[in-house]
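The values are calculated or read from the model by the stated rules, or taken from the named source; none is laboratory data. Everything numeric here is computed off the predicted structure, so don't read it as measured data. Here the Cβ is made from the backbone with ideal geometry for all residues, glycine too, and neighbour counts use every protein chain on show. Protein only, heavy atoms only, side chains kept; ligands, DNA and RNA dropped before computing areas. Shrake-Rupley method; radii C 1.70, N 1.55, O 1.52, S 1.80 Å.
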Amino acid sequence: QVQLVESGGGLVQPGGSLRLSCAASGSIFFYVMGWYRQAPGKQRELVAGSTSGGSTNYADSVKGRFTISRDNAKNTVYLQMNSLKPEDTAVYYCNADRTVFGGGNYWGQGTQVTVSS
């Protein structure tokens, strides 16, 4: 089982930047790591995903603004968020998925990101 702890959320003005971190309790090498977000009254949605092989994918709404990266040696995943918009306001969750290989799917507790002037 993997425990995930997010950090780095907060209040930022439109156009600003934040860097989220997700620290795992064990190796993330064999996991697809993702960042999701959920705004009030909306469904949770995928923001960005990353594999150890170097593949990444992004929601259309964040392409060119957000960057996901991972440090397998530190068991940590990051989400660099630039040019933030009010519509990026949400609780951001880290996810570790290994279900393709018969493993588990794990979530962090979430970190609040608020973009407002």
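What to note about this one:
- Identity of the residue in the stretch 41-62, in contact with a Lys or Arg (Cβ under 8 Å, 6 or more places away or on another chain) and either acidic (Asp, Glu) or more than 15 Å from residue 110 (Cβ to Cβ) (or both), that ends up least open to solvent (accessible area, probe 1.4 Å): 50
- Residue among 82, 72, 105 that alone is free of Cβ contacts under 8 Å to residues at least 12 places away in the same chain and of a type outside the set (Lys, Arg): 105
- Filtering the stretch 98-109 to residues that are open to solvent by less than 50 Å² (accessible area, probe 1.4 Å) and out of contact with any Cys (no Cβ under 8 Å at 6 or more places or on another chain) leaves 103, 104, 106.
- Residue 57 satisfies every condition listed in (1) closer than 25 Å to residue 114 by Cβ; (2) assigned to a strand (DSSP E or B) except (1).
- Leading residue by the ranking (most open to solvent (accessible area, probe 1.4 Å)) among those in the stretch 1-27 that are more than 14 Å from the chain's Cα centre (by Cα) and within 21 Å of residue 51 (Cβ to Cβ): 1
- Some residue of the stretch 57-64 being touching a Ser or Thr at 6+ places or on another chain (Cβ under 9 Å), among the aromatic types (Phe, Trp, Tyr) and over 22 Å from residue 1 (Cα atoms): yes
- Applying the condition of being among the β-branched types (Val, Ile, Thr) and out of contact with any Lys or Arg (no Cβ under 9 Å at 6 or more places or on another chain) to the stretch 63-88 and asking which residue is surrounded by the most Cβ atoms within 10 Å (Cβ to Cβ) yields 68.
- Any hit, the stretch 5-19, residues being without any contact (Cβ under 8 Å) to a residue 40 or more places away in the chain and more than 26 Å from residue 117 (Cα to Cα): no
- The stretch 28-40: number of residues that are surrounded by fewer than 17 Cβ atoms within 10 Å (Cβ to Cβ) and more than 17 Å from residue 116 (Cβ to Cβ): 3
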